[in-house]
1. Identify all residues within region 14-40 that are over 18 Å from residue 71 (Cα atoms) and surrounded by 15 or more Cβ atoms within 10 Å (Cβ to Cβ); write none if there are none.
2. Applying the selection to region 31-46, what residues are in contact with a helix residue (DSSP H, G or I) (Cβ under 9 Å, 6 or more places away or on another chain) and either closer than 21 Å to residue 96 by Cβ or assigned to a loop (DSSP other than H, G, I, E, B) (or both)?
3. Is it true that residue 45 is over 24 Å from residue 71 (Cβ atoms) and surrounded by 13 or more Cβ atoms within 10 Å (Cβ to Cβ)?
4. Please go through region 48-90 and give me each residue that is more than 14 Å from the chain's Cα centre (by Cα), under 18 Å from residue 6 (Cβ atoms) and outside any loop (DSSP other than H, G, I, E, B), ordered by number.
5. Residue 94 versus (1) over 16 Å from the mean Cα position of the chain (by Cα); (2) at pLDDT 95 or above; (3) surrounded by 13 or more Cβ atoms within 10 Å (Cβ to Cβ): which is the lone unmet condition?
């Protein structure tokens, strides 16, 4: 979830920080993010295999996160990350409260 912020700030952050985008570059950072999302969905599937709705919500949130990661760039407006990317956990919470059985 932090990768869009790190990508946005790649030209602003001190090089001492050694963020993932600074270390590996933006395209590789995005690839790492996609792989981590796939691992996340896989682990959640095995953890929540009895709850179809929970898995669907996790897949939906992961797709939304992947799209935001895909379109992240240092040239994007601060509002892109400060509002839209920050909204993802809120969307997740709302979906879980509305549709989850637990």
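The values are calculated or read from the model by the stated rules, or taken from the named source; none is laboratory data. A quick note: this is a predicted structure, and the numbers were derived from the prediction, not measured. Using ideal geometry, Cβ is built from the backbone for each residue, glycine included, and neighbour counts are taken over all protein chains shown.
1. Selection gives 19 alone.
2. Within region 31-46, 36, 37, 38, 40, 41, 44, 45 qualify.
3. Values: over 24 Å from residue 71 (Cβ atoms): yes; surrounded by 13 or more Cβ atoms within 10 Å (Cβ to Cβ): yes.
Yes.
4. Correct list: 78, 79.
5. So the condition that residue 94 fails would be (3).
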